[in-house]
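The values are calculated or read from the model by the stated rules, or taken from the named source; none is laboratory data. Here the structure is a predicted model, which means the values were calculated and not measured. Note that each Cβ is placed from the backbone with ideal geometry, even for glycine, and that neighbours are counted across all protein chains shown.
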Protein chains: 2
Amino acid sequence: MENFNFYSPTEFVFGTEGELKAGEMVKKYGGSRVLVHFGSNSAKKSGLLDRVCQSLEDEGLFYVLLGGVKPNPRDTLIYEGIEICKNENIDFILSVGGGSCIDSSKGIAAGFYYEGDFWDMYLRKADVKKALPIGTVLTIAAAGSEGSGASVVTKEDGMLKRDIVSDLVRPRFSILNPELTCTLPPYQTACGITDIMAHIFERYFTNTLEVEVTDRLCEGLLLTMIKEAPRVIENPNNYEARANIMWAGTVAHNDIVGVGRSQDWNSHGLEHELSGLYDCAHGAGLAVIMPAWMEYVYKHNVMRFCQVATRVWGVQMNFENPEETALAGIREFRKFLRSIGMPLDFEEIGAKAEDIPVLVEKLGVGDGVRGGFMPLNREDVTNIYKLAAVKQNI
Amino acid sequence: MENFNFYSPTEFVFGTEGELKAGEMVKKYGGSRVLVHFGSNSAKKSGLLDRVCQSLEDEGLFYVLLGGVKPNPRDTLIYEGIEICKNENIDFILSVGGGSCIDSSKGIAAGFYYEGDFWDMYLRKADVKKALPIGTVLTIAAAGSEGSGASVVTKEDGMLKRDIVSDLVRPRFSILNPELTCTLPPYQTACGITDIMAHIFERYFTNTLEVEVTDRLCEGLLLTMIKEAPRVIENPNNYEARANIMWAGTVAHNDIVGVGRSQDWNSHGLEHELSGLYDCAHGAGLAVIMPAWMEYVYKHNVMRFCQVATRVWGVQMNFENPEETALAGIREFRKFLRSIGMPLDFEEIGAKAEDIPVLVEKLGVGDGVRGGFMPLNREDVTNIYKLAAVKQNI
C-alpha cells in the first residue's frame, strides 16, 4: 500500500425530504447571499426548485437563480455565473442538479477569485487558490461530484474537455434524497449506474500490490450495483434500490475505496473525447469504451482480471486457462451493461470509426504516454478506440 | 435504508514516517500550546515520543507531557489532564497512543470547558458543548477512536465504564503509520483485530432492511481481516498486512459502513462490564462475549446469519436447514478467533460464572430492555453471560 492523505469533510444529509433542509445547511456553513445554480427545467417543473428556494427564504437568505446547465457543462455558462456572483456579492453557491451542475458550480466557485480567465486552471496553467463555498442538492446518483474536489468542463469552442481537482471546491455539504432520482428515465439512470461502476473500476485496476482492503471495498460496491441496478430499471420508483445506488455512488467517488493505490482513469480520459465530440451521455460513452479498454489491457495483469471475474461476476476460475476467466469477466460486464439498456459500440452512440484519428488528436497524447494501469501511447489508444468501434452482438 | 447524516471531517495521514508530520499538522489545525498525552512507556522507549516532540519543536510549538494512560482509561487521569490544560493554557491535545489514550484525550478535551465534574457528561447528565481540538498519532490498529466522536472511560471508584459520543471530540487529524504497530505483541495485535471485527459486526446485525451497500462494505472489511490477521500473527513485521488492518480499522469505525441502519452494540455493552470488572483487554472480552451473543440471538434473523456465514466465512448454504448454516458461521468465527490466539470463554479471561449477577447489576439493565438487533432484558443478558461462561474446546 502506498502512503496517502484522506480528507473528506463534506457533510452528507441523506434521505427523504432532504431538500427542505437546504436553507438551514447553507446558513450553517456561513452563506447569506446565494447563487442557486441548476440545470434542466425538470427541477423547475417538479417543484424541487421551489422547495429549495422556499427553504432559503425561510432562513432569510438572499438568492439569485442561474439555470441552463447542460450535460457536459460548458465554459460559457461559467463565465456568466462568475459575472453574476461578482455583481450580486454572492458568498455561497447552492448547486441543484446532477454531476454536470455541480461541476459547473465548482468552475464558478474557483473562477470567482481568479483574476484571469478561469479556463487557465482547467488547462493547468494556474492553481486553484481560493473558491466560494459550495453546497449541493443532488438529483442524480452518478457523478460523485457531490463529495469530490473534481470538476470536468467542456470548452464550447472546439468541444475540449478539461478538469481541475482541488479540496477547495469540495462541497461543504451535500443533500442526497433518493426520492429525487425516481423521476429519472431508465436510460439516464443506467448511464449513472455505468458511471458509478467506472469510478470503481478506475480505482480497482492498479499496479499497487497488497491493497486487499480497498479491493474488497471496491468489490462490495460493484456487487451492490449488480444487485440494485436491475431493480431500478424494472421499477424506477424503487426507493430502496435508488437509496443503495445513491450512497454507493458517493462512496465510490470520495476516494475512500481508492486510497493508497495507483489508479487508472484512462477509460474516463478516452471517453471524454467521445462525449466531447458526439455529445453523448458520459455514462453511455463509458459503456462503450471501458470494456474495450479492458479487452486491450487485461494481459497486463491477468490475475487481477480473474479476481474481479470470480469475486464480482461469479465466474468460476479456470485454473488451466486463467485468460479465459479474465475474458469471461469482461463478457459478463458487457452483458450486464446491455441488460440495463446501455450501448456497447461506436455505432450505438453515433460515433464513427473514421473519426478515430480526430479523437486521438484531441486526446493530446502526442508522442508521449498516458500513465495508469498500463501505459498507453498513441498506437494503444488508437487500438482501444478501434475495439470500441467493433460491433457488439450482445 | 434509514435517513442519516454522515460527517467524517478528520484528515487521515497514512503511511510510513507519518509521526514526523505531527508538528506541521498541529500547526495546520491551529494549535500552539500542546498537551502531549500518551500511554505506556513503550512510546518513550521506542523513541516515538522523542520524534513527535522534535517535530513540535521544529514548528516552534510549546508542549507539556502527560503519560500514564492505562488500557480501560481512568477518570482519575482525566481530572489531572484537565488541571494541566487549565494551568498551562493548552489549546490543542495531541494523543500519542491507542484507543485508550485517544479516549482519555477526548475526556480531557470535553472536560476542559465543562464547569462541573466532567463525569456528568459520561453519565449523560450534561451534553458536550465545547471541546479542545485533538490530533492523534495512532500506535495500534483497533479502536477506531482516531476517526470517531466516541470515548469510553472507566471510573476508578467502582470500575464503572461509561461513554460520550460527540462530533466535538472527533480528532481534527489522525496520523496512521502502520510501522508503529509492528512492535505490538501478537496477543495485543489479536485483541485489536477482534475489536475491529466487533465494530463491523455491531453494525452488520441490523433490523433495517434493504441495506445492501453497507452490508457489502462490512463484508469486504471482514474478508480483509480474515486474510490479513493470520499474516501479522505469523510475522509481526509484515508492513503490508499491518497497513491493510490499520485502514480497515479506521473505515470500520468512522461509520461509513454503518450509516442508514439500526445497529446493535450489545456485545460492546456486555463486554465493558467484563473488562471493567476483570481488567482484561477489551478485545479479549469481545472474543468471549460476541460469539456467545450470536448463539443467543441468531434465531431472531436466521437468514442474516446465513448471509454472513456464506459471504464471509465461506460456508455452503444448507437450504434444507438454514439454522445449521447460521451456526456453522458462528463456529467459523470462534475457530478464527482461536487461530489468532484469542480466549473464548470466561475461564480464559479470569472471569467467574458466579459473578454473573454482579455483571448484570453493573450493566444497569434493571427491569428495562436494552435495544439493538434483538431487545435484551435482564434474563437475556444473564443467559448470554452464561453462554460466554461455557468452556469452549476449540
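Any idea which of (1) touching a Leu at 6+ places or on another chain (Cβ under 7 Å); (2) over 17 Å from B:GLY98 (Cβ atoms) is the one B:VAL36 doesn't satisfy?
(2)
I'm trying to understand the selection: among the residues of the stretch B:42-82, which are in contact with a Phe, Trp or Tyr (Cβ under 9 Å, 6 or more places away or on another chain), of a type in the set (A, V, I, L, M, F, W, C) and free of Cβ contacts under 8 Å to residues at least 60 places away in the same chain?
Correct list: B:LEU49, B:CYS53, B:LEU56, B:LEU61, B:LEU65, B:LEU66, B:VAL69, B:ILE82.
With the requirement that a residue be among the β-branched types (Val, Ile, Thr) and closer than 17 Å to B:ALA287 by Cα, what does the stretch B:319-354 give you?
B:ILE330, B:ILE340, B:ILE349, listed by residue number.
Please work out which residue is farthest from A:GLY258 (Cα to Cα), limiting yourself to the stretch A:361-394 and to residues that are part of a helix (DSSP H, G or I) and hydrophobic (A, V, I, L, M, F, W, C).
My answer is A:ALA389.
Looking only at the stretch A:147-167, decide whether some residue is outside any helix (DSSP H, G or I) and not assigned by TED's automatic domain parsing to the domain that holds A:TYR113.
Scanning the stretch A:147-167 turns up no residue that is outside any helix (DSSP H, G or I) and not assigned by TED's automatic domain parsing to the domain that holds A:TYR113.
Within the stretch A:170-191, can you find the residues that are in contact with a Lys or Arg (Cβ under 9 Å, 6 or more places away or on another chain) and of a type in the set (Phe, Trp, Tyr)?
A:PHE173
Considering (1) exposed (fewer than 15 other Cβ atoms within 10 Å of the Cβ); (2) within 21 Å of A:PHE118 (Cβ to Cβ); (3) charged (D, E, K, R), say which one A:ASP75 fails and leave the rest.
Just one mismatch for A:ASP75, condition (1).
Would you say A:VAL358 is hydrophobic (A, V, I, L, M, F, W, C), in a helix (DSSP H, G or I) and surrounded by fewer than 18 Cβ atoms within 10 Å (Cβ to Cβ)?
For A:VAL358, the condition - hydrophobic (A, V, I, L, M, F, W, C), in a helix (DSSP H, G or I) and surrounded by fewer than 18 Cβ atoms within 10 Å (Cβ to Cβ) - is met.
Just checking, which of A:GLY220, A:GLY192, A:GLY107 is under 20 Å from A:ALA43 (Cβ atoms) and in the same structural domain as A:TRP313 (by TED's automatic domain parsing)?
A:GLY192
Pick from A:SER151, A:SER104: which is closer than 28 Å to A:GLU202 by Cα and out of contact with any His (no Cβ under 7 Å at 6 or more places or on another chain)?
Being closer than 28 Å to A:GLU202 by Cα and out of contact with any His (no Cβ under 7 Å at 6 or more places or on another chain) holds for just one of A:SER151, A:SER104, which is A:SER151.
From the list B:ILE134, B:ILE140, which residue is under 17 Å from the mean Cα position of the chain (by Cα), more than 14 Å from chain A (Cβ to nearest Cβ) and within 21 Å of A:TYR7 (Cα to Cα)?
Of B:ILE134, B:ILE140, the one residue that is under 17 Å from the mean Cα position of the chain (by Cα), more than 14 Å from chain A (Cβ to nearest Cβ) and within 21 Å of A:TYR7 (Cα to Cα) is B:ILE140.
Taking into account only those residues within the stretch B:306-333 that are β-branched (Val, Ile, Thr) and touching a Ser or Thr at 6+ places or on another chain (Cβ under 9 Å), which is farthest from B:ARG216 (Cα to Cα)?
B:THR325
Name the pairs: first residue in the stretch B:1-19 and more than 7 Å from chain A (Cβ to nearest Cβ), second residue assigned to a strand (DSSP E or B) and of a type outside the set (A, V, I, L, M), Cβ to Cβ under 8 Å, at least 6 apart or on different chains?
Pairs that qualify, where the first residue is more than 7 Å from chain A (Cβ to nearest Cβ) and the partner is assigned to a strand (DSSP E or B) and of a type outside the set (A, V, I, L, M), are B:THR10/B:PHE173; B:THR10/B:SER174.
Every residue, every condition in (1) surrounded by fewer than 19 Cβ atoms within 10 Å (Cβ to Cβ); (2) modelled with pLDDT of 95 or more; (3) not in a helix (DSSP H, G or I), yes or no:
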position: B:TYR187; (1), (2), (3): yes, yes, no
position: B:ALA190; (1), (2), (3): no, yes, no
position: B:THR208; (1), (2), (3): yes, yes, yes
position: B:LEU217; (1), (2), (3): no, yes, no
position: B:GLY220; (1), (2), (3): no, yes, no
position: B:MET225; (1), (2), (3): no, yes, no
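Would a scan of the stretch B:110-127 turn up a residue that is touching a Cys at 6+ places or on another chain (Cβ under 6 Å), farther than 19 Å from B:PHE12 by Cα and surrounded by 18 or more Cβ atoms within 10 Å (Cβ to Cβ)?
The answer is yes, given that some residue of the stretch B:110-127 is touching a Cys at 6+ places or on another chain (Cβ under 6 Å), farther than 19 Å from B:PHE12 by Cα and surrounded by 18 or more Cβ atoms within 10 Å (Cβ to Cβ).
Against the condition surrounded by fewer than 24 Cβ atoms within 10 Å (Cβ to Cβ) and either of a type outside the set (Ser, Thr, Tyr) or over 23 Å from the mean Cα position of the chain (by Cα) (or both), how does A:LYS106 come out, does it pass?
no
Report yes if some residue within the stretch B:143-151 is away from chain A (no Cβ under 14 Å) and over 13 Å from the mean Cα position of the chain (by Cα); otherwise report no.
no
For (1) touching a Pro at 6+ places or on another chain (Cβ under 9 Å); (2) within 14 Å of chain B (Cβ to nearest Cβ), each residue gets a yes or a no:
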{"site": "A:PRO186", "(1), (2)": "yes, no"}
{"site": "A:GLU210", "(1), (2)": "no, yes"}
{"site": "A:THR224", "(1), (2)": "no, yes"}
{"site": "A:GLU240", "(1), (2)": "yes, yes"}
{"site": "A:MET246", "(1), (2)": "yes, yes"}
{"site": "A:ARG261", "(1), (2)": "no, yes"}
{"site": "A:TYR278", "(1), (2)": "no, no"}
{"site": "A:GLU295", "(1), (2)": "no, no"}
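Do we have B:LYS70 as surrounded by fewer than 20 Cβ atoms within 10 Å (Cβ to Cβ) and modelled with pLDDT of 95 or more here?
Criteria not met by B:LYS70.
When you scan the stretch B:28-41, do you find a residue that is within 14 Å of chain A (Cβ to nearest Cβ) and either over 30 Å from A:LEU176 (Cα atoms) or at pLDDT below 95 (or both), even just one?
yes
Every residue in the stretch B:227-256 that is modelled with pLDDT of 95 or more and either over 18 Å from B:LEU138 (Cα atoms) or hydroxyl-bearing (Ser, Thr, Tyr) (or both), please.
B:LYS227, B:GLU228, B:ALA229, B:PRO230, B:ARG231, B:ILE233, B:GLU234, B:ASN235, B:TYR239
Is it the case that the stretch B:300-311 has a residue that's away from chain A (no Cβ under 14 Å), closer than 20 Å to B:GLY371 by Cβ, among the aromatic types (Phe, Trp, Tyr) and part of a helix (DSSP H, G or I)?
Yes, the stretch B:300-311 has at least one match.
For B:VAL165, indicate whether it is without any contact (Cβ under 8 Å) to a residue 24 or more places away in the chain, farther than 30 Å from B:GLU17 by Cα and either touching a Gly at 6+ places or on another chain (Cβ under 6 Å) or within 9 Å of chain A (Cβ to nearest Cβ) (or both).
yes
Looking at this structure, is A:GLY368 small (Gly, Ala, Ser) and in contact (Cβ under 8 Å) with a residue 24 or more places away in the chain?
No.
I'm trying to understand the selection: among the residues of the stretch A:227-238, which are in a helix (DSSP H, G or I), more than 7 Å from chain B (Cβ to nearest Cβ) and more than 18 Å from the chain's Cα centre (by Cα)?
The answer is A:PRO230, A:ARG231, A:VAL232, A:ILE233, A:GLU234.
Can you name every residue in the stretch B:253-271 that is surrounded by 24 or more Cβ atoms within 10 Å (Cβ to Cβ), part of a helix (DSSP H, G or I) and touching a Lys or Arg at 6+ places or on another chain (Cβ under 8 Å)?
B:ASN266, the sole residue that qualifies.
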